[in-house]
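Working notes, beginning with the structure itself.
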Amino acid sequence: MARRIFHSAPTDKGWKVTSNGRTISDHRTQSASEHAATSAGRRAEAKGGLAQAVLHKSNGRIREERRYG
């Protein structure tokens, strides 16, 4: 089973969560975006899947990765 990856990354207008190149949600703050990405990962795990939340810094570099399942 493939692992679903959710990125919390900065944009010109705030933050967004993406998966497979598609925007899942937009947020004003980094904290809100990270919460959405980790929640999506936990939901995927609860459905029996594998997931990962990749949390980026404000400069776009990866700060942290969390795996679920």
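The values are calculated or read from the model by the stated rules, or taken from the named source; none is laboratory data. Everything quoted here is computed from the prediction, not taken from an experiment. All Cβ positions, glycine included, derive from the backbone under ideal geometry; neighbour counts span all protein chains shown. Each accessible area value is taken on the protein alone, full model and side chains, heavy atoms only, with ligands, DNA and RNA left out. Shrake-Rupley method; radii C 1.70, N 1.55, O 1.52, S 1.80 Å.
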Counted residues, region 4-60 - those being touching a residue at least 40 places away in the same chain (Cβ under 8 Å), open to solvent by less than 80 Å² (accessible area, probe 1.4 Å) and not aromatic (Phe, Trp, Tyr): 15
Restricting region 1-32 to residues that are touching a His at 6+ places or on another chain (Cβ under 6 Å) and of a type in the set (A, V, I, L, M, F, W, C), the residue that is nearest to HIS56 (Cα to Cα): ALA9
Which numbered condition trips up ARG66, out of (1) under 11 Å from PHE6 (Cβ atoms); (2) of a type in the set (Lys, Arg); (3) free of Cβ contacts under 8 Å to residues at least 12 places away in the same chain? (3)
Anything in region 1-46 that is under 20 Å from GLY69 (Cα atoms), of a type in the set (D, E, K, R) and assigned to a strand (DSSP E or B)? List them, or say none. ARG3, ARG4
